[in-house]
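*Asks:* Attaching a single structure in structure tokens format; questions to follow.
The values are calculated or read from the model by the stated rules, or taken from the named source; none is laboratory data. All figures in this text were calculated on a predicted structure; none of them were measured in a lab. Every residue, glycine among them, receives a Cβ derived from its backbone with ideal geometry; neighbour counts consider all protein chains shown. To get the accessible areas, we keep the full protein, side chains included, count just its heavy atoms, and leave off ligands, DNA and RNA. Shrake-Rupley method; radii C 1.70, N 1.55, O 1.52, S 1.80 Å.
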Amino acid sequence: MSLLNNQTEIARAIEAAPLLSPVASQLLQISAKADHELKDIIDLVKCDSILTARLLKVVNSAAMGLRHQISSVEHAVNYLGERMVVSIAVAECTAELFSKPLDGYEGESGQLWKHELFTAIAARAVARHAKGDLPPDMAFTAGLLHDIGKAILSEFLQGTSRSVLADIVQGNTADYLTAEQSRLGLDHSIVGFELAKHWKLPEMLQQVIRHHHHPDQADSPSRVLAYAVHLGDILAMMSGNGTGSDSMQYHLKQDYTEYFNISKDELALLLLESTEEFNKVEASLAIAEEK
Amino acid sequence: MNTMVLGVGDLGACNSQDSEIKTYALGSCVAVILLDPKTRTVGMVHVALPESKINPAKVKERPGYFADTGIPILLQEMAKLGCQSQGKGLVVKLAGGAAIMDHNDTFNIGKRNLLAIKKILWGYSMGPRSEDVGGTFSRTVSVSVKTGEVILSSPGRPNWKI
């Protein structure tokens with residue numbers, strides 16, 4: 001198939017992708033703003049009975065270890081925190097996209113969602129080391145959908161993993177991103193960006209999805225967030241939560257040091273804490289998915 | 001075939017001959033594999049970080065998380081199964097310790113893991129007989145207790161042995 005045909009087919013796949021639910025979309029809008037309050041999240045959750053039921057199920061699950069049952073949305077949101085609420089809402093309405101096996105990357109079903117979740121958690125942890133002010137929950141939200149383009153691109157990359165890796169080893173292509181571009185004329189960050197526009201996600205999320213491998217190219221208001229997600233993405237791959245054949249096949253932008261102070265020991269702690277939180281959140285979300 | 005699956009920071013030993021020990025997706029983590037040819041006992045620890053001093057509280061819960069606590073406890077677990085071999089009597093194999101492309105020193109936890117592991121092994125007069133470490137790809141490792149064969153896999157690559 002020619003590059004042009006590929007691009008037309010990919011554009012069709014983006015158009016055909018399932019939409020986010022209105023409540024998930026609004027949660028992302030709110031949590032991507034620096035000046036929002038938890039009350040805004042609570043008010044939104046109250047409008048959605050299914051999400052309310054899910055949150056109550058998670059907060060009262062054995063994994064949370066509460067002594068007393070929580071029955072109000074306010075308490076549940078306060079206890080779980082914004083990031084859990086956003087994760088549950090996004091997981092619910094992106095299940096179709098996230099649950100597909102990533103054949104083009106030789107990744108298994110569910111691997112993409114785990115990668116997104118680990119990245120979000122790690123980006124949030126990285127945000128605490130920012131030289132300037134960077135709200136950690138914003139970094140979490142920015143990380144949660146950063147690789148969504150892979151859900152679309154995967155089927156167009158089927159059967160290419162071995163030749164892509166060989167090209168990288170032989171120095172014919174710089175990394176997995178440029179290999180995607182040379183084969184399809186597009187890469188997963190561009191496809192994710194197009195999907196984010198189609199979903200009308202906040203501009204900040206669009207920028208992070210578009211530039212998470214080259215955060216220096218993000219527009220100025222989103223740049224620090226793009227770096228936080230860039231580092232969160234790398235930590236996810238280091239932890240073993242990649243998406244398949246492309247894992248570790250990207251470059252670290254070493255100028256992250258302009259925006260973050262992270263020592264060797266702090267990075268080790270970041271990895272440890274992110275792994276622990278990931279295990280906890282993943283177990284809680286699995287409870288939410290039980291029908 | 002029974003499979004003992006080890007998560008991050010887990011360790012385990014086994015002498016049941018119809019079993020294998022497996023750990024998935026080692027990124028910067030390293031699998032330390034110990035084989036005792038005398039008793040046909042196999043042990044593995046999935047090390048995530050070099051030194052336990054960064055979070056001593058974690059040691060109690062999961063000593064295998066760190067090189068300096070994981071290897072001694074793994075040796076104890078093997079001894080519980082009757083493995084008396086020490087030092088050069090044990091065959092050591094290592095896998096993992098990958099890094100992202102263009103990493104700096106801070107992000108090369110894989111290398112720090114490997115250095116810490118080799119230092120601890122050295123203290124026991126042990127060293128790896130074979131290893132598949134470093135690089136920029138993740139590895140899944142399985143060891144057959146019966147044959148001691150260590151098989152590695154990675155998405156997009158044919159399986160290989162060390």
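*Asks:* When you scan segment A:141-170, how many residues do you find that are of a type in the set (Gly, Ala, Ser) and surrounded by 21 or more Cβ atoms within 10 Å (Cβ to Cβ)?
*Replies:* Count: 6.
*Asks:* For segment B:97-105, indicate whether the set of residues that are more than 10 Å from chain A (Cβ to nearest Cβ) and of a type outside the set (Gly, Ala, Ser) is non-empty.
*Replies:* No: segment B:97-105 contains no residue that is more than 10 Å from chain A (Cβ to nearest Cβ) and of a type outside the set (Gly, Ala, Ser).
*Asks:* For B:Lys161, state whether it is of a type in the set (D, E, K, R) and surrounded by 14 or more Cβ atoms within 10 Å (Cβ to Cβ).
*Replies:* No; evaluated as a whole, the condition is false for this residue.
*Asks:* Of everything in segment A:101-113 that's in contact with a Phe, Trp or Tyr (Cβ under 8 Å, 6 or more places away or on another chain) and either of a type in the set (A, V, I, L, M) or crowded, with 21+ Cβ neighbours inside 10 Å (or both), which residue is farthest from A:Pro221 (Cα to Cα)?
*Replies:* Here the answer is A:Gly104.
*Asks:* Also, I was wondering about something else. Among the residues of segment B:111-162, how many are more than 14 Å from chain A (Cβ to nearest Cβ) and not aliphatic (A, V, I, L, M)?
*Replies:* Result for segment B:111-162: 19.
*Asks:* Show the residue pairs that are 6+ apart or on different chains and have beta-carbon atoms under 8 Å apart, the first residue being within segment B:41-56 and without any contact (Cβ under 8 Å) to a residue 60 or more places away in the chain, the second being among the β-branched types (Val, Ile, Thr) and open to solvent by 10 Å² or more (accessible area, probe 1.4 Å).
*Replies:* From segment B:41-56, the pairs are B:Val45/B:Ile73; B:His46/B:Val8; B:Ser52/B:Val59; B:Ser52/B:Thr69.
*Asks:* Kindly list the number of the only condition in (1) closer than 27 Å to B:Ser153 by Cβ; (2) in contact with a Phe, Trp or Tyr (Cβ under 9 Å, 6 or more places away or on another chain); (3) not in a loop (DSSP other than H, G, I, E, B) that fails for A:Ala283.
*Replies:* It is condition (2) that A:Ala283 fails.
*Asks:* So which helices (runs of 4 or more DSSP H) stay within segment A:1-56 end to end and still have 3 or more residues that are open to solvent by 80 Å² or more (accessible area, probe 1.4 Å)?
*Replies:* Helices (runs of 4 or more DSSP H) meeting the threshold: A:3-16.
*Asks:* For segment A:267-283, how many residues meet the condition of being at the interface with another protein chain (Cβ under 7 Å from one of its Cβ atoms) and buried (at least 17 other Cβ atoms within 10 Å of the Cβ)?
*Replies:* Counting residues in segment A:267-283 that are at the interface with another protein chain (Cβ under 7 Å from one of its Cβ atoms) and buried (at least 17 other Cβ atoms within 10 Å of the Cβ) gives 5.
*Asks:* OK, next. Could you check how many residues of segment A:57-89 are small (Gly, Ala, Ser), open to solvent by 30 Å² or more (accessible area, probe 1.4 Å) and outside any helix (DSSP H, G or I)?
*Replies:* Within segment A:57-89, residues that are small (Gly, Ala, Ser), open to solvent by 30 Å² or more (accessible area, probe 1.4 Å) and outside any helix (DSSP H, G or I) number 3.
*Asks:* Would you check if there is a residue in segment B:107-118 being surrounded by 16 or more Cβ atoms within 10 Å (Cβ to Cβ), farther than 30 Å from A:Tyr256 by Cα and under 14 Å from the mean Cα position of the chain (by Cα)?
*Replies:* yes
*Asks:* Among the listed residues B:Val150, B:Val47, B:Val145, identify the single one that is more than 27 Å from A:Ser247 (Cα to Cα) and open to solvent by less than 70 Å² (accessible area, probe 1.4 Å).
*Replies:* After ruling out the rest, the residue left standing is B:Val145.
*Asks:* Now, a different point. Determine whether segment A:215-234 contains at least one residue that is under 26 Å from B:Thr23 (Cα atoms) and in contact with a strand residue (DSSP E or B) (Cβ under 6 Å, 6 or more places away or on another chain).
*Replies:* no
*Asks:* Can you name the residue in segment B:119-135 that is open to solvent by less than 70 Å² (accessible area, probe 1.4 Å) and of a type in the set (A, V, I, L, M, F, W, C) and, of all such residues, is nearest to A:Gly240 (Cα to Cα)?
*Replies:* Among them, the one singled out is B:Val133.
*Asks:* Considering only residues that are free of Cβ contacts under 8 Å to residues at least 60 places away in the same chain, more than 21 Å from A:Met138 (Cα to Cα) and in contact with a helix residue (DSSP H, G or I) (Cβ under 6 Å, 6 or more places away or on another chain), which ones fall in segment A:208-251?
*Replies:* A:Ser247, A:Met248
*Asks:* Please determine, by comparing only the residues of segment B:63-81 that are touching a helix residue (DSSP H, G or I) at 6+ places or on another chain (Cβ under 9 Å) and open to solvent by 40 Å² or more (accessible area, probe 1.4 Å), which one is nearest to B:Ala98 (Cα to Cα).
*Replies:* Among residues in segment B:63-81 that are touching a helix residue (DSSP H, G or I) at 6+ places or on another chain (Cβ under 9 Å) and open to solvent by 40 Å² or more (accessible area, probe 1.4 Å), the one nearest to B:Ala98 (Cα to Cα) is B:Asp68.
*Asks:* Still on this model: Out of A:His213, A:His198, A:His188, report the one residue that is touching a Phe, Trp or Tyr at 6+ places or on another chain (Cβ under 7 Å) and either more than 9 Å from every other protein chain (Cβ to nearest Cβ) or aliphatic (A, V, I, L, M) (or both).
*Replies:* Being touching a Phe, Trp or Tyr at 6+ places or on another chain (Cβ under 7 Å) and either more than 9 Å from every other protein chain (Cβ to nearest Cβ) or aliphatic (A, V, I, L, M) (or both) holds for just one of A:His213, A:His198, A:His188, which is A:His213.
*Asks:* Mind listing whichever residues of segment A:248-266 are buried (at least 21 other Cβ atoms within 10 Å of the Cβ) and outside any loop (DSSP other than H, G, I, E, B)?
*Replies:* Within segment A:248-266, A:Tyr256 is the sole residue that qualifies.
*Asks:* While we're on this one: Among the residues of segment B:120-145, what is the count of those that are farther than 24 Å from A:Ala166 by Cβ and touching a Pro at 6+ places or on another chain (Cβ under 9 Å)?
*Replies:* Total meeting the criteria: 3.
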